Amino acid sequence: MKTLSPISLRLFLAVCASLFCAAMQGQTVLVNSPDIGHVAVAVNGDEARLPVLTLNTADRLTISFDALTPEYQRFTWRVEHCTYDWQPTDGLFESEFMQGAPQDEPIEGYEESSLTATLYTHYAFHIGGTGQGAARPLVSGNYRVLVFSEEDDENPAFTVCFMVTENSAKLAATVTADTDIDYRCAHQQLNVTAEVGALRLINPDNELRLVCMQNRSPYYTITAPSPTYLLGTQAKWEHCRALIFPGGNEYRKFEMPSTRVPGMHMDRIRHDGEGYTALLLPDQPRGGYFFDEDQNGRCLVYTDRSDNATTEADYVLTRFTLQTEEIPNTNIIIDGRWTNSGEPCTMYYNPEAGAYEADVLLKQGYYSYRYLCVEHTDAGTVVYNADGDYYQTENEYTTLLYHRPQGARYWRLAAVNNQIRL
C-alpha cells in the first residue's frame with residue numbers, strides 16, 4: 001500500500017503550521033482528566049447547534065458530563081471572558097461580564113448511571129435561561145468555562161468554550177471551488193461580506209477580526225487578514241488567499257447502539273469481564289473522493305435498550321485501525337468533535353499489523369470521524385487529510401466577526417454566520 005501523500009501545494013505550509021499550533025485554542029471541549037468521560041454542550045437543548053448564545057435573550061447553555069466513578073464528587077465551575085483568539089481578557093472584572101457570576105459554584109445536578117458495566121455519575125449545569133438567579137453573560141465575546149474537581153482546585157478537569165453574540169453587524173458568506181490557486185481541484189475558497197455600518201469604525205484594520213472555521217475544527221480555523229476593501233458600510237474579504245481551505249474528504253462513521261451485536265462499521269463487540277471492548281472494521285486511505293451523507297465530526301449518544309441514554313448508555317473501549325505504511329515524521333490523529341481528550345487522539349503504528357491503531361473510550365451512539373496527518377518538517381507543521389483533498393467535499397463553514405472599538409477593554413462578538421456549505 002502506498003504511503004499517504006501530503007498536500008502538494010507547499011504555499012499552505014505556514015498557514016497549516018499556524019493552524020496546528022493554535023489547534024486546541026477555542027476547541028469547544030478540552031478534557032484534561034482521565035476521570036472525565038463524555039462531555040456535551042447544548043444550546044436550548046440542541047447539541048448540534050454552534051455553542052453561541054444571543055445577548056439579552058432567554059438562550060440557555062447546558063453543559064453535561066460524566067465522571068467515571070459511581071461516587072459523587074464535588075465539582076465547581078467558573079467563567080472567563082476571552083479575546084477573539086481565546087486568551088483571557090485582561091482588566092475585565094467578572095462582575096462586568098457575568099450576572100450572578102459563580103465564585104467556584106458547586107454543580108448540584110447529578111445522577112448515577114444505571115445498569116451499565118462502566119459505572120459513572122452524570123452531572124449537568126446551565127448558563128443563561130430564564131431561571132431566577134441564573135448566571136447570565138452581560139457582554140458579548142468569547143467565554144471559557146473551567147470545571148474543577150475537589151481533588152484539584154488549581155487545574156481544571158475540563159474546559160468548555162462558548163460564544164455570545166450581540167448581532168450588531170451582519171455577515172454573508174459564500175464558498176466556491178473556483179479558487180485563486182486551482183479550479184475544481186483540491187481546495188475551496190471562502191468569500192465574506194460584513195455589514196458594519198452600525199459599528200462606526202475608525203480604524204478597521206485594528207478594530208475588526210474575522211475568524212473562519214471549516215467543520216468547526218480547531219485544525220482548520222483561520223483568522224483572516226484585514227478586509228480586502230471597504231465599500232460604503234461593507235467590509236469585504238474577496239480573493240483572499242488566507243481563506244482558501246483544503247477540500248478534504250467526507251467523514252467516516254460508525255455506530256454502536258448495542259452491546260450485544262456489532263453496529264455499522266463494527267467488526268465485533270464483547271465484554272472482557274470488566275467492561276466492553278469493540279473493534280471497528282479496518283480503514284484504508286481512500287484513493288479518491290468518497291461521497292457520503294456525513295455529519296462533519298458530530299456524534300449522538302444513544303442506546304437501543306433505553307430512551308435515557310444520559311445515564312443508561314454504556315462506555316466501550318473502541319479500537320480504530322488505519323491500514324497503511326508507517327509515515328516518517330508524521331503523526332496520525334483521529335479527528336471528531338466527540339474527542340474525549342485534551343490531547344488529540346494520536347494513533348500508534350503497529351508494525352506486526354501494518355497499521356496505525358488507537359483505543360478510545362466512547363459512550364454508546366453514533367460517531368463521525370476522519371484521519372488527519374500531522375507532518376513535521378524543517379519549515380513547520382503541515383496538517384492534511386489522510387483521505388486527500390477534493391473540491392466536491394461538503395464542508396460546513398462558520399464565520400465570526402469580532403469588534404474592539406478604540407479605547408474598549410474587550411473584544412465583542414458582533415456577528416455569526418454558520419452552516420455555509422459548498
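Details
- Between the amide H of Val29 and those of Cys161, distances stay under 5 Å, these residues lying 5 or more places away or on another chain, with hydrogens modeled in the peptide plane.
- Distances between placed amide hydrogens fall under 5 Å for Val52 paired with Met163, all partners being 5 or more residues away or on another chain.
- Over 21 Å [Cα-Cα, the stretch 20-97], rounded percent: 45 percent
- Hz values of 3J(HN,Hα) by residue in the stretch 42-57 - Karplus curve (6.51, -1.76, 1.60), Gly and Pro given as x: 10, 10, 6, x, 10, 6, 7, 6, 4, x, 10, 9, 9, 4, 6, 10
- Over all distinct Cα-Cα pairs of the stretch 272-422, the Kirkwood formula returns a hydrodynamic radius of 18.4 Å.
- Cβ-based net charge around His38, under 12 Å, with every Lys or Arg adding one and every Asp or Glu removing one: -1
- Under the combined filter of DSSP loop state and at most 12 neighbouring Cβ atoms within 10 Å, the stretch 320-422 retains these GluC sites (Glu not before Pro): Glu352.
- Cα shape, the stretch 32-165, gyration tensor, a/c 1.5 rule: prolate
- Neighbourhood net charge (12 Å Cβ-Cβ; Lys/Arg +1, Asp/Glu -1) for Tyr289: -3
- Sorted ascending by nearby beta carbons within 10 Å, beginning with the fewest, Lys253, Lys236, Lys363 become Lys236, Lys253, Lys363.
- Loop-resident chymotrypsin sites (Phe, Trp or Tyr not before Pro) (DSSP state other than H, G, I, E or B) in the stretch 261-327 with no more than 12 further Cβ atoms inside 10 Å of their Cβ: Phe291.
- Alpha-carbon centroids, the stretch 69-145 and the stretch 279-347: separation in whole Å: 28 Å
- Considering helices alone, the calculated mean residue ellipticity of the chain at 222 nm is -1000 deg cm²/dmol, with DSSP H runs of length four and up weighted by -39500 (n - 2.57) and normalised per residue.
- Comparing Met98, Met264, Met347 in a Gaussian network model of the chain, where Cα atoms under 10 Å apart are tied by springs, the biggest mean-square fluctuation is seen for Met264.
- The stretch 77-179: chymotrypsin sites (Phe, Trp or Tyr not before Pro) in DSSP coil with no more than 12 other Cβ atoms inside 10 Å: Phe93
- Inverting the pair-averaged 1/r between distinct Cα atoms of the chain gives 22.7 Å as its Kirkwood hydrodynamic radius.
- Local electrostatic count at Leu413 - Lys and Arg +1, Asp and Glu -1, tallied over other residues with Cβ under 11 Å: +2
- Potential extension, Arg49-Thr228 segment - 0.36 nm per residue separation minus Cα distance: 61.4 nm
Bear in mind that the values in this text are calculations on the coordinates, not laboratory data. Bear in mind the structure is a predicted one, so any value in this text is a computation, not a measurement. With ideal geometry, Cβ positions are generated from the backbone for all residues, glycine too; neighbour counts draw on all protein chains shown.
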